[in-house]
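Everything on this sheet refers to the single structure shown next.
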Amino acid sequence: MDNNSQKEIVKVTKLSKTFRLSYKQRKENKTDDKYLKAVDDLSFSLYEGEIYGLLGPNGAGKTTTLRMLATLLTPSSGNIYLDDKDIQKNLEETRRNIGFLTSELKLDNFFTPDYTFDFFAELYGLDKTQRMRRKEILFYQFGIDEYRYKKIGELSSGMKQKVSLAISLIHDPKIIIYDEPTNGLDIIASKAVEDYLLKLKEENKSIIISTHILPLVEKLSDRIGIIIAGKMQFEGNRKEVSNLGGLEKLFFDIYQKVRDEEDA
Ligand SMILES: Nc1ncnc2c1ncn2[C@@H]1O[C@H](COP(=O)(O)OP(=O)(O)OP(=O)(O)O)[C@@H](O)[C@H]1O
Ligand SMILES: [Mg+2]
């Protein structure tokens with residue numbers, strides 16, 4: 001895809017996040033350091049109508065980055081712009097434009113998918129007609145219809161994930177930020193998510209997705225970023241990845257290179 005002709009919709013510049021570790025966290029992390037730099041001077045862009053795959057080993061800083069993009073976490077330094085506007089200065093507008101999903105997000109077990117959907121639809125200011133229309137489309141797409149009146153607590157983790165996916169899209173956001181969206185889904189549901197992401201892309205939505213499933217990223221992403229220890233270590237489009245021997249090889253090559261540099 002030719003990015004030069006595309007609009008830069010999200011721009012991340014020199015983004016960093018440092019966590020202050022509690023005594024308990026220091027013990028758990030087996031460190032005396034009082035601070036942990038989870039995201040370290042990260043810069044990248046998301047273009048309109050593209051799917052960007054963010055990869056990295058456990059603890060690389062992917063979730064931290066995506067939470068900052070979704071305004072759920074304040075950066076320690078650096079900036080994020082949406083349509084050239086600093087998201088920290090436009091929290092409400094940003095949230096209206098973003099659909100966010102992370103595996104850490106928990107739905108209330110006591111309510112039904114139907115009720116939960118209505119609750120969030122109201123939060124986003126949808127009127128009844130809009131709400132019914134969105135519910136019909138999304139419940140159908142993710143196969144939620146048959147258990148819409150069951151309590152969420154009684155659903156399997158994959159079913160819960162499907163409900164979370166539907167809810168993340170209630171307000172028809174133009175930017176979609178998904179942290180491990182196919183986590184816990186069977187292959188049928190995963191395929192439905194993949195298909196839906198491609199459909200959203202066709203609608204010119206901009207999507208950033210983080211996952212450990214390399215074939216998924218390789219198949220869906222227009223561009224790929226690999227982050228290790230909070231730093232962007234590689235960025236390239238699908239063709240570049242393929243020319244470097246495919247994603248799995250590239251991932252391990254980059255990982256090894258970073259480790260060798262650390263040891264040097
Ligand atoms: N609230 C927090 N307080 C302290 N440290 C944190 C906090 N959140 C994340 N971290 C640390 O920041 C680093 C990056 O975590 P993050 O969750 O962003 O990684 P990740 O790339 O999403 O990993 P995974 O692939 O396992 O999901 C880790 O070392 C993690 O322990
Ligand atoms: Mg994560």
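The values are calculated or read from the model by the stated rules, or taken from the named source; none is laboratory data. Since this is a predicted model, take the numbers as computed values, not measurements. Note that we place each Cβ from the backbone using ideal geometry, even for glycine, and neighbour counts take in every protein chain shown.
Looking only at residues in segment 58-112 that are in contact with a Pro (Cβ under 7 Å, 6 or more places away or on another chain) and of a type outside the set (Gly, Ala, Ser), the one that is farthest from ligand 1 (Cβ to nearest atom) is Asn97.
Within segment 38-48, is there a residue that is closer than 26 Å to Phe251 by Cβ, near ligand 1 (Cβ under 9 Å from one of its atoms), crowded, with 18+ Cβ neighbours inside 10 Å and in contact (Cβ under 8 Å) with a residue 12 or more places away in the chain? Checking segment 38-48: at least one residue is closer than 26 Å to Phe251 by Cβ, near ligand 1 (Cβ under 9 Å from one of its atoms), crowded, with 18+ Cβ neighbours inside 10 Å and in contact (Cβ under 8 Å) with a residue 12 or more places away in the chain. Taking each residue of segment 136-159 that is more than 19 Å from Ile187 (Cα to Cα) and looking for partners that are in a loop (DSSP other than H, G, I, E, B) and of a type in the set (A, V, I, L, M) with beta-carbon atoms closer than 6 Å, six or more apart or interchain, yields Ile152/Leu107.
When we screen Gly236, Gly230 for residues that are small (Gly, Ala, Ser), under 26 Å from Lys37 (Cα atoms) and surrounded by fewer than 18 Cβ atoms within 10 Å (Cβ to Cβ), the only hit is Gly236.
Annotation: of all residues in segment 96-107 being over 14 Å from Val10 (Cβ atoms) and either among the charged types (D, E, K, R) or touching a strand residue (DSSP E or B) at 6+ places or on another chain (Cβ under 6 Å) (or both), the one that is surrounded by the most Cβ atoms within 10 Å (Cβ to Cβ) is Leu101. Do you know which of the residues in segment 169-188 that are within 16 Å of ligand 2 (Cβ to nearest atom) and in a loop (DSSP other than H, G, I, E, B) is farthest from Tyr47 (Cα to Cα)? Among those that are within 16 Å of ligand 2 (Cβ to nearest atom) and in a loop (DSSP other than H, G, I, E, B), it is Gly184.
Flag: Tyr255 matches the condition of being away from ligand 2 (no atom under 16 Å from the Cβ) and out of contact with any helix residue (DSSP H, G or I) (no Cβ under 8 Å at 6 or more places or on another chain).
Each residue in segment 8-32 was checked for being exposed (fewer than 13 other Cβ atoms within 10 Å of the Cβ) and touching a Phe, Trp or Tyr at 6+ places or on another chain (Cβ under 8 Å), and 1 of them qualify.
I'd like to know if segment 19-34 contains one or more residues that are in a strand (DSSP E or B), within 15 Å of ligand 2 (Cβ to nearest atom) and modelled with pLDDT of 95 or more. Within segment 19-34, one or more residues are in a strand (DSSP E or B), within 15 Å of ligand 2 (Cβ to nearest atom) and modelled with pLDDT of 95 or more. Looking at segment 189-264, the strands (runs of 3 or more DSSP E) lying wholly inside it that each contain 2 or more residues that are under 16 Å from the mean Cα position of the chain (by Cα) sit at 206-210, 223-228. Scanning segment 130-168 for residues that are outside any helix (DSSP H, G or I) and surrounded by fewer than 20 Cβ atoms within 10 Å (Cβ to Cβ) yields Gly143, Arg148, Tyr149, Lys150, Lys151, Leu155, Ser156.
Candidates are the residues of segment 180-212 that are within 14 Å of ligand 1 (Cβ to nearest atom), within 23 Å of Val12 (Cβ to Cβ) and at pLDDT below 95; the one that is surrounded by the fewest Cβ atoms within 10 Å (Cβ to Cβ) is His212.
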